Amino acid sequence: MAAVPAVVTQIDPKVEQYGLKKIASGKVREIYEIDSKTLLFVATDRISAYDVIMKNGVPQKGALLTLQTVHWFNLLASKVPSLKTHLLGTTIPSSLSLPQDLSSQLQNRSMLVRRLKIFPLESIVRGYITGSAWSEYKKSGTVHGISMPSGLQESEKLEQPLWTPSTKAELGDKDENISPEKAREIVGDKYAKKIEELSLQVYSIARDYAAERGIIIADTKFEFGLDEETDEVVLVDEVLTPDSSRFWPADKYEIGKTQDSFDKQYLRDWLTSNGLKGKDGVEMPQDVVKETASKYQEAFEKLTGKKWEDAIKGGA
């Protein structure tokens, strides 16, 4: 089998000659149409911070994100049998007859999923006050417009996890934090209630699972779709990865300050300290790439119990 390139920031456009029609391109993922009911999600090694894609990528990041998402989908299915996800499998349909080089490029970074109507919300659950929530709280005593107790400290655990949605922006635009009330206006009371309920349930399961493995999930972001045939709300996209979550090492947690993390906070901090926050065309130096990769790898190994090199060789 041909070797997978060290960094895959773009999927070879030749795949479209073999029946994969690209219908969307996100910050990290390329989405291809298999048929009217099925899509192929392919995670590249691109990385974004502050809603801006970096010029270079992180080796094997797409594979780690995909394998970690599949791990969570399998775990959640065992914990919540009623939970519906969009995942159909990780094997590319043999009917596509891809040549070896293209098949190798897609290996480990592909998810075959149901094609659903996607709700225009980022469903964020916060268990700790940090990031944009901490910034808002310092200014107004609120988080996404929700009044919070006085005297909270940075990184403090909240009494109860908080559902704090945001808009789902088009590529190039920025997500906007909104109140739960605004989310209900956007998707309707019935669906907002179900999205909130599922988000809090999944977060609680993942939080407890991760805590047993030495990781605090400070916050995380979910996306949901609608199966219009059954009217069911379905968990979609990636789940509980370093791209969509803040993972903190439990043994280093200290209230009242910014935490060490197993996610892209290292990259965010580098951008901020170098005056590059929100700027386009930034190329990460190799030490930042290496450190960011090591954070993703460590999170993967702690949460899945697998060596990342072995997981990539074995696939999902």
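The values are calculated or read from the model by the stated rules, or taken from the named source; none is laboratory data. Nothing here was measured: the structure is a model prediction, and the numbers come from that model. We place every Cβ from the backbone using ideal geometry, glycine too, and count neighbours over all the protein chains shown. Heads up: the accessible areas ignore ligands, DNA and RNA and are worked out on the full protein's heavy atoms, side chains in. Shrake-Rupley method; radii C 1.70, N 1.55, O 1.52, S 1.80 Å.
Listing for the model above:
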quantity: Cα Rg over Rh - the stretch 169-316, Kirkwood; calculated: 1.00
quantity: Cut-off 18 Å, label 7 Å out along Cα→Cβ of residue 55, residues of the stretch 268-306 by amide N; calculated: 268, 270-290
quantity: For semi-axes √(5λ) of the Cα gyration tensor in Å, calculated from these coordinates, the label among [x] 30, 24, 19; [y] 26, 24, 20; [z] 47, 32, 16; calculated: [x]
quantity: Neighbourhood charge, 11 Å Cβ-Cβ cut-off, centred on residue 189 and excluding it, Lys, Arg +1 and Asp, Glu -1; calculated: +1
quantity: Surface share of carbon and sulfur [accessible, 1.4 angstrom probe, percent] for the stretch 152-210; calculated: 44
quantity: The stretch 197-214 versus the stretch 264-316: alpha-carbon centroid distance in Å; calculated: 22
quantity: Spacing of the two label points (7 Å from each Cα toward its C-beta) at residue 48 and residue 114, in nm; calculated: 2.6
quantity: Full-stretch length increase - residue 179, residue 138 - with 0.36 nm per residue and alpha-carbon distance subtracted; calculated: 13.0 nm
quantity: Efficiency of FRET between residue 17 and residue 189 - r from beta-carbon atoms, R0 35 angstrom, step 0.05; calculated: 0.15
quantity: Accessible area of residue 126 in the full protein assembly, 1.4 Å probe (Å², nearest 10); calculated: 10
quantity: Paramagnetic reach from residue 260 (point 7 Å along Cα→Cβ, amide N under 14 Å) across the stretch 220-254; calculated: 247-254
quantity: Cα-based reach from residue 22 at 29 Å (exclusive), listing lysines while leaving out same-chain residues under 8 positions away; calculated: 14, 37, 55, 61, 84, 117, 168, 174, 221, 264, 279, 313
quantity: Simple label model, 7 Å out from Cα along Cβ direction - residue 268 to residue 231, nm; calculated: 3.9
quantity: Rounded to 10°, Cα long-axis angle of helix 61-79 versus longest principal axis of the chain; calculated: 70
quantity: 1.4 Å probe accessible area per residue over the stretch 191-307, in Å²; calculated: 44
quantity: Point-charge dipole on Cβ atoms (K/R +1, D/E -1) for the stretch 230-291, about Cα centre, debye to 20; calculated: 420
quantity: Helical contribution to [θ] at 222 nm, DSSP H n ≥ 4, -39,500 (n - 2.57), averaged over the chain, rounded to 500; calculated: -10000 deg cm²/dmol
quantity: Estimated inter-spin distance, residue 27 and residue 104, nm [label 7 Å along Cα→Cβ]; calculated: 3.1
quantity: Backbone N under 14 Å from the residue 283 label point (7 Å along Cα→Cβ), restricted to the stretch 34-55; calculated: 54-55
quantity: Estimated dipole of the chain in Debye, rounded to 20 [Cβ of Lys and Arg +1, of Asp and Glu -1, Cα centre]; calculated: 220
quantity: Counting all C-alpha pairs of the stretch 24-132, share separated by more than 19 Å (%); calculated: 56
